[in-house]
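See below for the structure under consideration.
The values are calculated or read from the model by the stated rules, or taken from the named source; none is laboratory data. Worth saying up front: this structure is predicted, and the values here are computed from it rather than measured. Every residue, glycine among them, receives a Cβ derived from its backbone with ideal geometry; neighbour counts consider all protein chains shown.
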């Protein structure tokens, strides 16, 4: 499951990140969306932007609706990620949530694809990761564990472009 996220301030890109996780069971695009959200929210907190007005946009309507309290989180595999995202979001004093169509989220999609390319660029590491999440090799209680394959964050000082 790969993800990408971006942070803009006054129209300038100030941070971006991408990465990927492997999971034996219950891997889904919704979980990947929550992973992107968690990573982006963590970056906001790490940069000390909790008191600023933050507009959080995402192309997964279900995640945006859940974070706003408009929809329930019914998936048992998603609930821990939702709780983690909620804890991070609660640190933001002025957050606004907005859904955007996927066709308008091209930059984050490019980062997601970059993560997949980077993971697959090292075939030995990729195969080792696939073996790591093989259900036959994992005890039942570890099959829903997330295994990080790649996590990259880039913070850009204001006024510079990437």
Being surrounded by fewer than 18 Cβ atoms within 10 Å (Cβ to Cβ) and without any contact (Cβ under 8 Å) to a residue 60 or more places away in the chain narrows 40, 11 down to just 11
In segment 62-93, anything at pLDDT 95 or above and over 16 Å from residue 38 (Cβ atoms) is listed as 65, 68, 69, 70, 71, 72
Look at residue 62 and say whether it is in contact (Cβ under 8 Å) with a residue 12 or more places away in the chain, in a helix (DSSP H, G or I) and within 23 Å of residue 14 (Cβ to Cβ). no
How many of the residues making up segment 96-108 are in contact with a helix residue (DSSP H, G or I) (Cβ under 8 Å, 6 or more places away or on another chain), surrounded by fewer than 16 Cβ atoms within 10 Å (Cβ to Cβ) and in a helix (DSSP H, G or I)? 1
Answer yes or no as to whether residue 58 is more than 18 Å from residue 150 (Cβ to Cβ), surrounded by 19 or more Cβ atoms within 10 Å (Cβ to Cβ) and in contact with a helix residue (DSSP H, G or I) (Cβ under 6 Å, 6 or more places away or on another chain). yes
